[in-house]
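To start, the structure under review is shown below, and the notes come after it.
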Amino acid sequence: MDLCQLANFKKVQKLTKLGAKSIYQSIDIDKELESGKSTEYISTKYLFKLANTLNDFISLKDNYTRVHCERVANYAEALGHALDMNEKELENLILAANLHDIGKIALPDAVITKTEKLNDMEFGLMKKHVELSSLLLPGNELGFLRSTVRAHHEKYDGSGYPDGLKSNQIPQLAQILAIADSF
């Protein structure tokens, strides 16, 4: 990661932490619990608000990516329903779809907004977005989300990136996300 990319990444990490803190403060946990909401429901509500906030950040830099993430989330949700996924798996898939490209916010504008074909160096930078996306997601408790986002460009034959995973090494949610992303 070059210095410019590192500086962008550090700014995004700070925004992510501020956004997470702001969202956490906006949810009245005691009131939610008193109204009978489960801690799982509250956590899910928090994560979806965080996804929306992070997508707000990226839209300041590149609105196409935000719209793309929303579209991929809709496709992923449709695929999840077709696969008869349970509610929690479906929520996880939709969250991952909403956040799968968030790492692009740390990439240079000239790369993410370029309309012509990327050169090798630019494509190498673009491929870093999956690693950056997974690193931007908060906490170890979101390991499933991090691994799904990180693996969404892996290919069944092992020719994908960033880790060259193949076949059943690729998390199932990442496989579904890859299909939704390809549309």
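The values are calculated or read from the model by the stated rules, or taken from the named source; none is laboratory data. Values in this document were obtained by computation on a predicted structure and should not be read as measured data. As a convention, Cβ positions derive from the backbone with ideal geometry for all residues, glycine included, and neighbour counts pool all protein chains shown. Quick note on the areas: whole protein, heavy atoms, side chains included, nothing else; ligands and nucleic acids left out. Shrake-Rupley method; radii C 1.70, N 1.55, O 1.52, S 1.80 Å.
Given the pairs LYS127/LYS155; LYS61/LYS117; LYS61/LYS155; LYS49/LYS104; LYS49/LYS166, which span a C-alpha to C-alpha distance of over 22 angstrom in this model?
Listed pairs above 22 Å: LYS61/LYS155; LYS49/LYS166.
Given a Förster distance of 30 Å, report the FRET efficiency between LEU60 and GLU131 from their Cβ-Cβ distance, rounded to the nearest 0.05. Working shown, then result.
On the way: r = 22 Å, r/R0 = 0.73.
The pair LEU60/GLU131 has a calculated efficiency of 0.85.
For region 70-183, give the magnitude of the charge dipole about the Cα centre (Cβ charges: +1 Lys/Arg, -1 Asp/Glu; no others), in debye to the nearest 20.
Taking the Cα centre of region 70-183 as origin, the dipole is about 280 debye.
When all protein chains stay in place, what accessible area (Å², nearest 10, 1.4 Å probe) is found for LYS114?
About 60 Å², ignoring ligands and nucleic acids.
If you take the Cα atoms of region 111-183, find Rg, then find the Kirkwood Rh from the mean of 1/r over all pairs, what is Rg/Rh?
0.99
Going by Cα centres, region 73-124 and region 141-167 are how many Å apart?
12 Å
Given a Förster distance of 22 angstrom, what is the FRET efficiency for LYS166 paired with THR115, based on the Cβ-Cβ distance and rounded to 0.05?
The formula returns an efficiency of 0.10 here.
Extending each Cα 7 Å along its Cβ direction at GLU70 and PHE123, get the distance between those two points in nm, one decimal.
3.1 nm
Starting from region 121-183, pick out the trypsin sites (Lys or Arg not before Pro) whose DSSP state is loop and whose Cβ has at most 16 other Cβ atoms within 10 Å.
Passing sites in region 121-183 are LYS155, LYS166.
Rounded to two decimals, what ratio of Rg to Rh does region 41-119 give with C-alpha atoms and a Kirkwood Rh?
Radius of gyration relative to Kirkwood radius: 1.05.
Could I have the simple spin-label model distance between ASN52 and GLU89, label points 7 Å from Cα toward Cβ, reported in nm to one decimal?
2.7 nm
Would you mind working out the accessible area per residue for region 66-124, using a 1.4 Å probe, and quoting it in Å²?
Details: 3020 Å² over 59 residues.
Each residue of region 66-124 exposes 51 Å² on average to a 1.4 Å probe.
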